[in-house]
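Working notes, structure below.
Read-outs throughout are calculated quantities, based only on the coordinates presented, and are distinct from any laboratory measurement. Remember, it's a predicted structure, so these values are computed and weren't measured experimentally. Positions of Cβ are backbone-derived with ideal geometry, glycine not excepted, and every protein chain shown enters the neighbour counts.
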Amino acid sequence: MSNLRAGLLIFVYALLFAVGTPGLDHMRSKMSATEEQRLRNRAGDTVADLTQFAVRINKNIRAPIKRKLGGFQPVFRIRQAWNLYRDGPRNVYRLEIRVDGEPVYRSEHPELDWLEPQLRNRRLRPVVESTVKKFKSANWRGLSRLVVNRARAQWPEAQRVELIALKGKRPGKRLRPQHRIIASAPEWSVEKTK
């Protein structure tokens, strides 16, 4: 009886390891030769061999067990998804404000910091983020009016104010305009363009 209990316990632990191991779900099934060589150069042969062994175990043993036996998780509502903080966001979003074509503000930029305290405020920051990430954001007109009014107060002879939503892949060195909000003198009405 104790052997049966021990065997059942080992089976349950192996099943939980196969089904619920965070991180291994995102492991690729194969390393390229250049990735393996880079790993060997950086960490040594032992680490590279252990990594190759882990990749093979994951592909040939753990992944098939998970596919066949993992269906019980939704039934008991115990499925765990570990990819929320896996690699961080893939895209970088920045807001750039230009007055007469001259950049005066860019998110996370040390020198272009005009209106930084206001735009980074915890109550206004979600409005800025949604305006930058979504073309059809809800509060873009209010944010635009705030920026245009402040720019006109600081630069009374300004003729054009632009809010430019920039997007790019991490780490954010190559950002491209996603959409723009433009206000021009004399009416100063705001319009959004792609």
- Message: Angle check, please: helix 140-154 long axis (alpha carbons) against the longest principal axis of the chain (alpha carbons), in degrees 0 to 90, nearest 10.
- Response: 50 degrees
- Note on the structure: Rounded to the nearest 10, the angle in degrees between the Cα long axis of helix 45-57 and the longest principal axis of the Cα atoms of the chain comes to 80 degrees
- Task: Scale the Cα Rg of the stretch 91-193 by the rule-of-thumb value 2.2 N^0.38 Å and send over the ratio, two decimals.
- Result: 1.00
- Task: Compute the Rg/Rh shape ratio of the stretch 101-159: radius of gyration over Kirkwood radius, all on alpha-carbon atoms.
- Result: 0.96
- Per DSSP H run of at least 4 residues, take -39500 (n - 2.57); add these up for the chain, divide by its residues and hand me the 222 nm value, nearest 500 deg cm²/dmol. -12500 deg cm²/dmol
- Computed over the chain, the relative contact order (Cα-Cα under 8 Å, seq sep at least six) in percent reads 17 percent
- Task: With everything on Cα atoms, drop me the angle between helix 33-43 and the longest principal axis of the chain, reported from 0 to 90° to the nearest 10.
- Result: 90 degrees
- Task: Counting only C-alpha contacts under 8 Å and six or more residues apart, can you give the relative contact order of the stretch 2-76 as a whole percent?
- Result: 44 percent
- The answer for the net charge of residues other than Thr34 whose Cβ lies under 15 angstrom from its Cβ, with Lys and Arg +1 and Asp and Glu -1, is +3
- Pull out the extension gain between Thr193 and Glu102, defined as 0.36 nm times the separation in residues minus the alpha carbon to alpha carbon distance; nm, one decimal. 30.9 nm
- Message: Using square roots of five times the C-alpha gyration tensor eigenvalues, list the equivalent-ellipsoid semi-axes of the chain in whole Å, biggest first.
- Response: 53, 22, 13
- Cross-link reach from Lys192 to lysines, straight Cα distance under 22 Å and at least 8 residues apart if same chain, gives Lys133, Lys134, Lys136, Lys167
